[in-house]
Amino acid sequence: MLNPVAAIGRAVLSACREVGALVLFALEALSHLLRPPFYARQFLRHLAEIAYFSLPVVALTAIFTGMVLALQSYTGFVRFNAEGAVANVVVLSITRELGPVIASLMVAGRIGASFAAEIGTMRVTDQIDALTTLSTNPMKYLVTPRLLAGVIALPFLVAVADILGVMGGWLIGTTKLGFNSAGYLKATLDFLEVIDVVSGLVKAAVFGFVITLMGCWCGYYSKGGAQGVGAATTMAVVSSSILILALDYVLTEMFFAQ
Amino acid sequence: MDTKAHVDGVPKIRLRGLSKAFGDKKVLDGVDLDIRAGHGMVILGGSGSGKSVTIKCILGLIQPDAGTIEIDGRDVLAMGRREREELNDRIGMLFQNGALFDSLPVWENVCFKLLAQKRITRGAARDKAAEVLAQVGLAASVGDLSPAELSGGMQKRVGLARAIAAQPDIIFFDEPTTGLDPIMGAVIDGLIVDVVKRLGATAVSITHDMASARRIGDDAAMIHRGKIVWTGAAAALGNTGNPLVDQFARGEREGPIQMELRR
Ligand SMILES: Nc1ncnc2c1ncn2[C@@H]1O[C@H](COP(=O)(O)OP(=O)(O)OP(=O)(O)O)[C@@H](O)[C@H]1O
Ligand SMILES: [Mg+2]
């Protein structure tokens, strides 16, 4: 017990067990994508919940992010007499980085929490057991449609965030910083490459998977009544937020050469 | 004794040495029980004695630590997933707390299994739900409500409707009449008896209500300290000669069972 090496070993082992269980959970959920029945109704419900009902939150944060970005980069570039680069910096930062990350963090708060709470409540009130007795596989019914909806909805949300973020920058650029409207948009488009947008959308799909997976996983194994569901909800949001930022680095590294 | 069961000799459900511990708390400690086909079995026992756990083990929702479970003579613990799912198709369950799906309206709850098995279209499901709801004494209009809008007793009855809607072969009722008024309790008891008679189903019920136990049970078994301590005819409850069972059935404070602090 006092041996620190043993304590570290135990911690590492239990972390490995946890990660292994999570991977198995994800693989089982994905395996149901290939085997009928398919729960289209569930999928559409979650797609609407993620894509449509997150739109206001994502739109607002994207616009403000674009606005701030334009202001801040202008403040910096003006010192090097490089104000002309504001449009380029805004569009690059938004599409490659801030669009995917900020939209995903917002969705993690909304959807990760709501999935963990809903599935967690179903767990502690025996509803998941009830599914099994009603000829329905709970993984297939609860988890698989949510994962699929997340992977599809997030790139859509991020595309919206990209456009609105750039518009936010344009708004400040033209109204406050004295850019010419057509010139600003031309600079934005001329500089943009396909890979900038694509890498952002790929990130979004990965983050969508992470958010929905952590929400489902934390809810599915929650126990201990309302308190346990609360803990699962917190866990889902915290772990998916951290994973988003960590994976963001990994993915950026992968796209770096491009 | 029913002749058919005599002839087959195979009980519908046979438990042998069923054991389950949660952490270091032993809940089941070698449960042996035979449940006859086409009969009503009532399981009695103090609160927290492991009745619900026993049923969940049979349903495959809890993995026992040791022991065997046979249904129709087949070892269910050794079954593959597909086989287990096919078996579950023929089993119904009323959970102690109802366990209704609160994201779905009542009618979809009631017909959930029929819809899952594609035995009914969504269009026909409402009418079917109304029909089954009527059997448990609920109006068709209840079908459009959400479970959260129902009283506790109504939720119980919807849970009951959901358990019997697919006409299962084996039905488990975890405290079917708890939380119902006495008249509705008697109606539900009648319904359970009817399901056994009409469908030829095997009903396994947990109840704390002795009047109800005599009505719905042909056989009864009592679980105490993780073991089955008595089995016999449900009609004899109250004067079985077994001091444990008699004290329990009569609800007496004095007797071999002392209230103990449960862990
Ligand atoms: N999932 C679980 N994890 C840990 N302990 C459990 C779990 N399920 C049941 N138990 C414990 O097992 C014991 C038996 O529980 P069970 O629900 O079977 O009681 P019961 O006989 O149905 O009681 P009641 O009549 O009050 O419903 C209890 O002490 C309970 O704390
Ligand atoms: Mg119970």
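The values are calculated or read from the model by the stated rules, or taken from the named source; none is laboratory data. Quantities reported herein were computed from a predicted structural model and do not represent experimental measurements. Cβ placement follows ideal geometry from the backbone for every residue including glycine, while neighbour counts extend to all protein chains displayed. These accessible areas exclude ligands, DNA and RNA; they are computed on the full protein's heavy atoms, side chains included. Shrake-Rupley method; radii C 1.70, N 1.55, O 1.52, S 1.80 Å.
What the table below lists for this structure:
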| quantity | calculated |
| --- | --- |
| Every residue from the stretch B:43-67 that is within 11 Å of ligand 2 (Cβ to nearest atom), within 13 Å of chain A (Cβ to nearest Cβ) and in contact with a helix residue (DSSP H, G or I) (Cβ under 9 Å, 6 or more places away or on another chain) | B:Lys56 |
| Odd one out for B:Asp32 among (1) surrounded by 16 or more Cβ atoms within 10 Å (Cβ to Cβ); (2) part of a strand (DSSP E or B); (3) more than 16 Å from ligand 2 (Cβ to nearest atom); (4) of a type outside the set (Val, Ile, Thr) | (1) |
| Where B:Arg16 falls short, out of the listed (1) charged (D, E, K, R); (2) surrounded by 15 or more Cβ atoms within 10 Å (Cβ to Cβ); (3) over 28 Å from A:Arg123 (Cα atoms) | (2) |
| Residue within the stretch B:240-254 that is open to solvent by less than 40 Å² (accessible area, probe 1.4 Å), assigned to a loop (DSSP other than H, G, I, E, B) and of a type in the set (Gly, Ala, Ser) present | no |
| Residue satisfying condition, being open to solvent by 40 Å² or more (accessible area, probe 1.4 Å) and outside any helix (DSSP H, G or I), within set A:Leu44, A:Leu34 | A:Leu34 |
| Members of the stretch B:224-239 that are within 17 Å of B:Ala211 (Cβ to Cβ) and surrounded by 18 or more Cβ atoms within 10 Å (Cβ to Cβ) | B:Ala234, B:Leu237 |
| Count of residues meeting criterion [aromatic (Phe, Trp, Tyr) and more than 22 Å from B:Asp189 (Cβ to Cβ)] in the stretch B:231-263 | 0 |
| Contacts under 6 angstrom Cβ, first residue in the stretch A:55-83 being among the small types (Gly, Ala, Ser), partner assigned to a helix (DSSP H, G or I) and open to solvent by 30 Å² or more (accessible area, probe 1.4 Å), 6 or more apart | A:Ala59/A:Leu164; A:Ala62/A:Leu164; A:Ser73/A:Val89 |
| Qualifying residue in the stretch B:165-178 (condition: open to solvent by 10 Å² or more (accessible area, probe 1.4 Å), within 14 Å of B:Leu94 (Cβ to Cβ) and of a type in the set (D, E, K, R)) | yes |
| Any hit, the stretch B:58-66, residues being in contact with a strand residue (DSSP E or B) (Cβ under 6 Å, 6 or more places away or on another chain), over 30 Å from B:Ala211 (Cα atoms) and surrounded by fewer than 16 Cβ atoms within 10 Å (Cβ to Cβ) | yes |
| Out of B:Val158, B:Val195, B:Val136, B:Val187, sole residue that is of a type in the set (Val, Ile, Thr), touching a residue at least 24 places away in the same chain (Cβ under 8 Å) and either within 16 Å of ligand 1 (Cβ to nearest atom) or within 14 Å of chain A (Cβ to nearest Cβ) (or both) | B:Val158 |
| Residue within the stretch B:99-112 that is part of a loop (DSSP other than H, G, I, E, B), surrounded by 24 or more Cβ atoms within 10 Å (Cβ to Cβ), in contact (Cβ under 8 Å) with a residue 24 or more places away in the chain and within 16 Å of ligand 1 (Cβ to nearest atom) present | yes |
| Test: B:Ser52 is within 13 Å of ligand 1 (Cβ to nearest atom) and of a type in the set (Gly, Ala, Ser) | yes |
| Any hit, the stretch B:71-85, residues being of a type in the set (A, V, I, L, M, F, W, C), part of a helix (DSSP H, G or I) and at the interface with chain A (Cβ under 8 Å from one of its Cβ atoms) | no |
| Of all residues making up the stretch A:92-137, the number that are touching a residue at least 24 places away in the same chain (Cβ under 8 Å) and within 14 Å of chain B (Cβ to nearest Cβ) | 12 |
| Close pairs (7 angstrom Cβ cut-off, 6 or more residues apart or separate chains): buried (at least 17 other Cβ atoms within 10 Å of the Cβ) in the stretch A:152-176, outside any helix (DSSP H, G or I) and not aromatic (Phe, Trp, Tyr) anywhere | A:Leu157/A:Ser54 |
| Any pair with Cβ under 6 angstrom, 6 or more apart, that starts in the stretch B:114-132 at a residue that is closer than 17 Å to B:Leu104 by Cα and ends at one that is at pLDDT below 95 and surrounded by fewer than 17 Cβ atoms within 10 Å (Cβ to Cβ) | B:Ala130/B:Ala140 |
| Search result, residues across the stretch A:171-218 that are aromatic (Phe, Trp, Tyr) and closer than 29 Å to A:Thr75 by Cβ | A:Phe179, A:Tyr184, A:Phe191 |
